[in-house]
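The values are calculated or read from the model by the stated rules, or taken from the named source; none is laboratory data. Everything quoted here is computed from the prediction, not taken from an experiment. Here Cβ is always computed from backbone atoms with ideal geometry, including for glycine, and neighbour counts include all displayed protein chains.
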Amino acid sequence: MTAVPDTIARADRGRGKHYFGSLSRRFATLYLPLGILLFVLLFPFYWMVVTTFKPDTELYNYAHFNPFWVAHPTFEHIDKLLFQTSFPNWMVNTLIISVSSTFISLFSSVCAAYAIERLRYKGSQYVGMAIFLAYLVPPSILFIPLVAMVFRLGLFDSDWSLILTYPTFLVPFCTWLLMGYFRTIPYELEECALIDGASRLQILLKITLPLAVPGLISAGIFAFTLSWNEFIYALTFISSSENKTIPVGAITELVEGDVYHWGSLMAAALLGSVPVVLLYSFFVDYYVSSLTGAVKE
Amino acid sequence: MAVETHNSDRLAARTGRRLRDNRDWLGALFMLPAAAILLVFLAYPLGLGFWLGLTDAKIGEAGHFIGWGNFVSLAHDAVFWLVVFNTTFYTVVASVVKFALGLYLAVLLNERLPFKSLLRAFVLLPFVVPTVLSAIAFWWIYDSQFSIISWMLIRLGLIHRYIDFLGEPWNARWAVIAANIWRGIPFVAITLLAGLQTISPSLYEAATLDGATAWQRFRHITLPLLTPIIAVVMTFSVLLTFTDFQLIYTITGGGPINATHLMATLSFQRAITGGYLGEGAAIADAMVPFLLAAILFSYFGLQRRRWQQGSAD
């Protein structure tokens, strides 16, 4: 992919054009727009960090303090968030819910994707299409009937209401991703094992799954992030403060009447983002491959 | 007796083996967990949603069948039509800008650059961070008294008073659209970048040798080859934008005077805050035709263009 600009650059130089001219053109057409776009994309995060560590005196006084910098960094907002609000509860809830729904979804998706791609039972291609269509059903049109169901099942205000409903968007996504991944594993390997007398379950556990580990990591990380970020179900199905998840708790509990405590709001936004960002930073490539794998085909 | 047991054991073993090797039976078994989840918590609620839209159900009350009553009253509801306008405007503007800027960013990132993978990792950050949490940051950036944007513009001498971003209907509309674009660019850019990387460099070399300009290379090589992936990416983007809930709920709550309410937030307000489940479900149902139209338009529209280009050659 780098070969193109390479050739062009070499061709330019070869023709004896002004090297500095092309360098400044490259700056104007490439580095400058890229820099501006990156600045816009990253500024809100910088603003989050700066606000989190600013004492209130600086936060609301732009005349005396440069708003872009923290003169006297403080931990008071983080301290308030951790010891005077239910934030630690929300963190634990979000973690439990995300991990459980991710594992439930991964298990059912592995089975489903293997069946659709490799067992190829009667009608499996239609089921594959149905899974893709299920992927397109937005939570915004499901939350009302789901809240009615959650009430009737007696799950309202419990972790289970979310652990059981998050797989509705995780399973189609993971299945679709893993189907694509299983397709890349040579079928011959499984045929050999079949001839040697291995059962289907043995093949899945000992041959296909070990080879599909990168796909499983991709799907797992993405599913975890999606559950961590979910909002509308958590907002609708949970009512008591200590059972909330981070996104819901931050927006519903940290605002007291008309007084916005921007410092602790930004601290919540920052600390609530840290786990997913850390996970993301360790597995960027898996993350990207699941993002792009999901739209392939 | 002993022989019989022996026989039935053998029979059971044989049936067991046959079932274990039968694809259809095994397939059904493997599908069971996923199918159970999707049937109970996706297919059934989808149907229940349509049914609720035809009833006057309230929270904690089953409600009675009232036919098209909810839809008739919505058709006479000025707020509903304002919200339909808002949602369409929001979706169209945000999707067009996200596509343009996302594609631009993808093309820039496809150039020869130092620290490319690091850059790519940073670009994707807005997509990774929970939407509500970054929306809170936008809420603070748009604050009427302490907006950093207003402060910068005043320092630069471009304006003289702080902009009331979220207090004026049109300001608020543009503000939430900007936040949505910010949130959506990384997805478009990174997926299109993956598409760009599959285009063979030799095509560009050939075109360069034939004297094609950069724009011609983009217009006649990049764009046609990228069309299928653009179709899928934009279908997803349109779908997510049309059904958006989190940004609006966090930043404006639908205000001022319903100027930024989208169909999803209005249905939440009527169904959960107001307690009229039936009416809220009817609003959610009303999104379905728009969604189908959006999917068909962005998907088949772009697919056909690819087909036409293919047949023209």
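The set of residues in region A:242-271 being assigned to a loop (DSSP other than H, G, I, E, B) and at pLDDT below 90 consists of A:Leu254, A:Gly257, A:Asp258, A:His261. Only one entry of B:Ala189, B:Ala214 meets the criterion of being of a type in the set (A, V, I, L, M), crowded, with 20+ Cβ neighbours inside 10 Å and more than 8 Å from every other protein chain (Cβ to nearest Cβ), and that entry is B:Ala189.
Every residue in region A:24-36 that is more than 14 Å from B:Asn110 (Cβ to Cβ) and at pLDDT 85 or above, please. Passing the criteria: A:Tyr31, A:Leu32, A:Gly35, A:Ile36. The criterion of at least 2 residues that are within 11 Å of another protein chain (Cβ to nearest Cβ), among the charged types (D, E, K, R) and in contact (Cβ under 8 Å) with a residue 60 or more places away in the chain is met by none of the helices (runs of 4 or more DSSP H) wholly inside region A:163-236. For region B:237-253, the criterion of being of a type in the set (Gly, Ala, Ser) and either surrounded by fewer than 18 Cβ atoms within 10 Å (Cβ to Cβ) or without any contact (Cβ under 8 Å) to a residue 60 or more places away in the chain (or both) is met by at least one residue. Being assigned by TED's automatic domain parsing to the domain that holds A:Ser109, touching a residue at least 60 places away in the same chain (Cβ under 8 Å) and assigned to a helix (DSSP H, G or I) is not true of A:Ser239. Looking across region B:258-273, just one residue is more than 15 Å from B:Val176 (Cα to Cα) and away from chain A (no Cβ under 11 Å), and that is B:Gln269.
Examine region B:92-104 for a residue that is of a type in the set (Ser, Thr, Tyr), more than 12 Å from chain A (Cβ to nearest Cβ) and either over 22 Å from A:Ser289 (Cβ atoms) or over 17 Å from the mean Cα position of the chain (by Cα) (or both), and state whether such a residue exists. Yes - at least one qualifying residue is present in region B:92-104. Is at least one residue of region B:21-28 assigned to a helix (DSSP H, G or I), at pLDDT 90 or above and among the basic types (Lys, Arg)? No; the residues of region B:21-28 include none that is assigned to a helix (DSSP H, G or I), at pLDDT 90 or above and among the basic types (Lys, Arg).
Within region B:111-155, the set of residues being assigned to a helix (DSSP H, G or I) and of a type in the set (Ser, Thr, Tyr) comprises B:Ser117, B:Thr131, B:Ser134, B:Ser150.
Any residue at all in region B:135-143 that's crowded, with 20+ Cβ neighbours inside 10 Å, under 13 Å from B:Leu247 (Cβ atoms), hydroxyl-bearing (Ser, Thr, Tyr) and facing chain A (nearest Cβ under 7 Å)? There is no residue in region B:135-143 that is crowded, with 20+ Cβ neighbours inside 10 Å, under 13 Å from B:Leu247 (Cβ atoms), hydroxyl-bearing (Ser, Thr, Tyr) and facing chain A (nearest Cβ under 7 Å). Would you check which residues across region A:104-129 are exposed (fewer than 15 other Cβ atoms within 10 Å of the Cβ) and more than 7 Å from every other protein chain (Cβ to nearest Cβ) and list them? Residues satisfying the conditions are A:Gly123, A:Gln125, A:Tyr126, A:Met129.
Per the conditions (1) in contact with a helix residue (DSSP H, G or I) (Cβ under 6 Å, 6 or more places away or on another chain); (2) at pLDDT 90 or above; (3) more than 23 Å from B:Ile248 (Cβ to Cβ); (4) among the hydrophobic types (A, V, I, L, M, F, W, C), the sole criterion not satisfied by B:Val83 is (3).
With respect to the conditions (1) more than 26 Å from B:Phe30 (Cα to Cα); (2) more than 8 Å from chain B (Cβ to nearest Cβ), A:Val284 lacks only one, and its number is (2).
May I ask you to verify whether B:Ile163 is exposed (fewer than 15 other Cβ atoms within 10 Å of the Cβ) and at pLDDT below 85?
no
If the condition is being away from chain B (no Cβ under 13 Å) and under 25 Å from A:Glu253 (Cβ atoms), then region A:58-80 contributes A:Thr74, A:Phe75, A:Glu76, A:Ile78, A:Asp79, A:Lys80.
Suppose the filter is touching a residue at least 60 places away in the same chain (Cβ under 8 Å) and within 8 Å of another protein chain (Cβ to nearest Cβ); does A:Phe151 pass it? Considered against the rule, which asks whether it is touching a residue at least 60 places away in the same chain (Cβ under 8 Å) and within 8 Å of another protein chain (Cβ to nearest Cβ), A:Phe151 comes out as no. List pairs: first in region B:175-199 and farther than 14 Å from B:Val232 by Cβ, second charged (D, E, K, R) and in a helix (DSSP H, G or I), Cβ under 8 Å, 6+ apart or cross-chain? Here the result reads B:Asn180/B:Lys98; B:Ile181/B:Lys98; B:Gly184/B:Lys98; B:Ile185/B:Lys98; B:Leu193/B:Arg120, each pair linking region B:175-199 to a residue that is charged (D, E, K, R) and in a helix (DSSP H, G or I).
Checked against the criterion of being assigned by TED's automatic domain parsing to the domain that holds B:Leu291, over 25 Å from the mean Cα position of the chain (by Cα) and at negative phi, the candidates B:His64, B:His76 yield just one match: B:His76.
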